[in-house]
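Accompanying notes for the structure given below.
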Amino acid sequence: MSAPSPVPAETTESFGNGDTARASLEALRSEIAKAVVGQDPAVTGLVVALLCRGHVLLEGVPGVAKTLLVRALAASLELDTKRVQFTPDLMPSDVTGSLVYDARTAEFSFQPGPVFTNLLLADEINRTPPKTQSSLLEAMEERQVTVDGTPRQLPDPFLVAATQNPVEYEGTYPLPEAQLDRFLLKLTVPLPSREEEINVLTRHSDGFNPRDLKSAGIRPVAGPADLEAARNAVARTKVSPEIAGYVVDICRATRESPSLSLGVSPRGATALLSTARAWAWLTGRDYVIPDDVKALALPTLRHRIQLRPEAEMEGVTPDSVISAVLANVSVPR
């Protein structure tokens, strides 16, 4: 998935406030680039997730600016953000919040946890036990947390960006399939190229401080109102019966792949359709084409399938299976 290119005005249909919102969201890339070198696909993926009210799993080795990326996105959108370092001793109440006794009033009051924010960075989510991992499930799916039987709504927008290290698995708790399926996208954050890494070092030698985004010149270029207008425009993006059939054929083909023990579920199909609509709107169209589906297939589906052990030993990867499916499924005309 690559970042969308600007669309000429004469080819872009009007969506009311959607045009202004699109221009604001496109400006995010250049704003975030003041702090993060490269990583355009990850930036665009996070924007797609915000448009679809979904959540993102960021996979990459330590030190590739995953935390900085989320913080820069929040600053560019004027959204609140919090970070939780997931560790083996982290408790569910450390994420959701808990009731605290107030000796002055002799009553219990609710102390909100870090989940009450717009962008929650769940750092190294696979390093905490399943009980704490599952504490995020209700928040991600229902947009609320229940403490002592009382449901409490989370702010809107709300996005969980969870990170995990693809290399070191010792002492970790792999996310179960049910929880992986809650993430709209799984984005890989690769190591930078040589030129990009030189750029990173040059910035640091010139005084760039990743903990002080204001000094990097990052300013809000969009806000919650732009995001809401964009979501409304995405909801009006048309999907033909042929495109819906194409999405279903792709997902059904994964269930028949000899390399997989688990294919994409119907929830995965709806997720792919949703992300394809957001991508179509970002590229300036009010209708979805097959290329939109192809562009989002890998990040939307790669974490929703499970390889057979023998296929994994032969070097087969989820991305290679999905790419083969895309090559074999007939594209509607």
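The values are calculated or read from the model by the stated rules, or taken from the named source; none is laboratory data. Note that the structure is predicted; figures quoted are calculated from it, not measured. Neighbour counts run over all protein chains shown; Cβ positions are idealised from the backbone, glycine included. Ligands, DNA and RNA are stripped out before the accessible areas are found, and what is left, the full protein with its side chains, is counted by its heavy atoms. Shrake-Rupley method; radii C 1.70, N 1.55, O 1.52, S 1.80 Å.
Before moving on, here are some points about what is shown:
- Calculated diffusion of the range 51-146, Stokes-Einstein form, Kirkwood radius summed over Cα pairs, 10 °C and 1.306 mPa s, µm²/s: 107 µm²/s
- With both labels modelled 7 Å from their Cα along Cα-to-Cβ, the residue 236 to residue 156 distance reads 1.9 nm.
- Segments 234-245, 150-161 sorted - mean Cβ within 10 Å per residue, highest first: 150-161, 234-245
- Cβ-Cβ FRET estimate between residue 195 and residue 324, R0 fixed at 41 Å, reported to 0.05: 0.80
- Residue-level accessible surface for residue 173, protein heavy atoms, 1.4 Å, Å²: 80 Å²
- A crude spin-label estimate for the pair residue 211 and residue 144, with each label 7 Å from Cα along the Cβ direction, gives 3.9 nm.
- Given charges at Cβ of Lys, Arg, Asp, Glu: the chain dipole, positive-most of 120, 163, 25: 25
- Here r is the Cβ-Cβ distance between residue 261 and residue 103 and R0 is 56 Å; the resulting FRET efficiency, rounded to 0.05, is 0.50.
- Label positions at residue 313 and residue 40, each projected 7 Å from the Cα along the C-beta direction, are separated by 4.2 nm.
- For the range 139-264, the dipole from Cβ point charges (+1 on Lys and Arg, -1 on Asp and Glu) about the Cα centre works out to 380 debye, to the nearest 20.
- Taking the Cα centre of the chain as reference, the dipole from Cβ charges on Lys and Arg (+1) and Asp and Glu (-1) amounts to some 360 debye.
- Projecting the Cα atoms of 180, 244, 323 onto the charge dipole of the chain (Cβ charges, centred on the Cα centre) puts 244 farthest toward the positive pole.
- Residue-averaged [θ]222 nm for the chain, counting only DSSP H segments that reach four residues, each worth -39500 (n - 2.57): -13000 deg cm²/dmol
- Options 144, 213, 87, ranked by Cα towards positive dipole end of the chain, top entry (Cβ charges): 144
- Calculated volume of the Cα convex hull per residue in Å³ (choose from (1) 121; (2) 156; (3) 167), label: (3)
- Of 82/131; 131/294; 82/238; 34/66; 34/294, those spanning more than 24 Å from alpha-carbon to alpha-carbon: 131/294; 82/238; 34/294
- Estimated dipole of the range 195-333 in Debye, rounded to 20 [Cβ of Lys and Arg +1, of Asp and Glu -1, Cα centre]: 600 debye
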